[in-house]
1. Looking at LEU125, GLN109, ALA13, which one has the Cα that reaches farthest to the positive end of the dipole of the chain (charges on Cβ: Lys, Arg +1; Asp, Glu -1)?
2. Please go through the residue pairs LYS115/LYS149; LYS34/LYS168; LYS23/LYS128; LYS2/LYS23 and name each one whose alpha carbons sit more than 28 Å apart in this structure.
3. Looking at the stretch 9-87, which trypsin sites (Lys or Arg not before Pro) are in a loop (DSSP not H, G, I, E or B) and have at most 11 other Cβ atoms within 10 Å?
4. What ranking of MET31, MET43 emerges when the number of other C-beta atoms within 10 Å of each C-beta is taken as an exposure proxy, fewest first?
5. Based on alpha-carbon centroids, what's the gap between the stretch 52-84 and the stretch 109-159 in Å, whole number please?
6. Place a point 7 Å from Cα of PHE27 in the direction of its Cβ. Which residues in the stretch 45-73 have their backbone N less than 16 Å from it?
7. What dipole magnitude, in Debye to the nearest 20, does the stretch 2-168 give about its Cα centre under +1 on Lys/Arg Cβ and -1 on Asp/Glu Cβ?
8. Quick check: pseudo-label points 7 Å beyond the Cα along Cα→Cβ at PHE71 and GLU132, how many nm apart are they?
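We did not get these values from a lab; they are worked out from the coordinates using the rules stated. Nothing here was measured: the structure is a model prediction, and the numbers come from that model. Counting neighbours? That spans all protein chains shown, and the Cβs are built from the backbone with ideal geometry, glycine included.
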Amino acid sequence: MKEVERILRVNHAGEYGAINIYKAQLFVARMFYKDIASQLEEMLVHEKVHFNTFNNLLISRSIRRCYAIHFWAFGGFSLGLFTAIIGRNAIWVCTNSIESTVLHHLEWQLDFLSKNDIEVHAAVLSIKADEEAHQEFGQTNGNSSLVYKPIFYIVRRATEFAIWVSTKL
Ligand SMILES: [Fe+2]
Ligand SMILES: [Fe+2]
């Protein structure tokens, strides 16, 4: 089914982007904010598991990757670097912004998949708890003062745009 293929492709590409965000943030954190490096490492491990979950499904179903996957890698790395350079707060505001946008999409996907594809439904459900934990951590540790509001909205728009583009590609 075309819609299920699209869901798998966009999630696969998104997790690839997430891996690159954390890689960039870790690169900066290991130099300047060593106190949060272990937290970022833990999140990176989760994203790698998520990526493998969707990667295995793409392979077993002979579905091609998203054409924009390198755009996700580059965009993710740039976003990670940009937020990490601003500071710890920006890292967590970025996490909160991305994950809240992603969770919104997962809700829709889960609803659709529960009626159409049990295997993919289970895969999406398996990543949901991690993304919720990331979102909560970002929300509690990120500063919600006015200064960070633009970052929150820029990251949200960028995430929505990337998701939208990837459903076409
Ligand atoms: Fe993830
Ligand atoms: Fe995540």
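1. Ranked along the dipole, the leading option is ALA13.
2. LYS115/LYS149; LYS34/LYS168; LYS2/LYS23
3. Filter output for the stretch 9-87: ARG64.
4. MET31, MET43
5. The stretch 52-84 and the stretch 109-159 have Cα centres spaced 16 Å from each other.
6. Only 70-73 pass the distance filter.
7. That gives the stretch 2-168 a dipole magnitude of about 600 debye.
8. 3.2 nm
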